[in-house]
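I have placed the structure first, in the form of structure tokens, so that the comments after it can refer back to it.
No value in this document is a laboratory result; all are computed from the given coordinates. Not measured: the values here are computed from a predicted model. Virtual Cβ from ideal backbone geometry, glycine too; neighbours counted across all protein chains shown.
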Amino acid sequence: MAVVISMLRGVNVGGHNKIKMEALRALYESLKLRNAQTYVQSGNVIFKSEEKDLGLIAKRLQSGIERSFDCRPDIILRTTSELRNVIARNPFAARHNIDPSKLLVTFLASDPGEEAREKALGIKTDPEELRIHGREAYIHFPNGIARPKMRWPLIEKILKTSGTGRN
């Protein structure tokens, strides 16, 4: 059985799309996703599944969440090996002067492709730094994440795929 991490976008943020984690775990279990575990009120759920098609799992989850909680968040899934690769590919890891609390990984729903990546990377993001590798965007916010200069909605529009950030 594969271990999978699901990240729900926009759940329990600013009082919107409120979902209790106990109810979310129960929904996952009802969909035959085993040993569902949540982390705080984040919308992050780790579970086990025999299903190999992550896209199918995401669609089942979206439909189940919509039926149960009256919201339809984007759901990003990664296996544990994919998460290890995300950590290993961190382009800022070699810099010793970077505060880890000022780093964010945005997990994209799909690979935007080389053309979209290049176009997004052409946008001025100073003082923030943006790097995109496959289905992840790595962002360094030297002045903190609270008031970024970077216009993520524009970048996301260019990439033509949704994502959810985790630090």
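Report, to one decimal in Å, the Kirkwood hydrodynamic radius for the chain based on all distinct Cα pairs. Could you put the intermediate results ahead of the total?
Values: mean 1/r = 0.0593 Å⁻¹.
Hydrodynamic radius (Kirkwood, Cα pairs) of the chain is 16.9 Å.
Between His96, His16, His133, find the one with the highest GNM mean-square fluctuation for the chain; connect C-alpha pairs within less than 10 Å. Checking each option, the largest mean-square fluctuation is seen for His96.
What's the extension gain from Glu115 to Thr80 if we count 0.36 nm per residue and subtract their Cα-Cα distance?
Details: separation 35, 0.36 × 35 = 12.60 nm, distance 2.81 nm.
Extra length available between Glu115 and Thr80 comes to 9.8 nm.
Principal semi-axes of the equivalent ellipsoid, √(5λ) from the alpha carbon gyration tensor of the stretch 2-80, are 19, 12, 11 Å from largest down.
Name the shape class, rounded, prolate or oblate, that the alpha-carbon gyration tensor gives for the stretch 88-166, where a ≥ b ≥ c are the square roots of its eigenvalues, rounded holds for a/c under 1.5, and otherwise prolate holds if a/b is larger than b/c and oblate otherwise.
Details: a/c = 1.75, a/b = 1.41, b/c = 1.24.
Prolate, because a/c is 1.5 or more and a/b exceeds b/c.
3J(HN,Hα) along the stretch 140-150: 9, 10, x, 9, x, 7, 4, 9, x, 8, 4 Hz, from the Karplus curve 6.51 cos²θ - 1.76 cosθ + 1.60 with θ = phi - 60°, whole Hz, x for Gly and Pro.
Counting other beta carbons within 10 Å of each residue's own, what order do Leu61, Leu104 fall into, fewest first?
Details: Leu61 22, Leu104 17.
Taking fewest neighbouring Cβ atoms as first place, the list is Leu104, Leu61.
Summarising the amide proton neighbourhood of Met150: residues at separation of 5 or more, or on other chains, whose placed amide H is nearer than 5 Å comprise Glu128.
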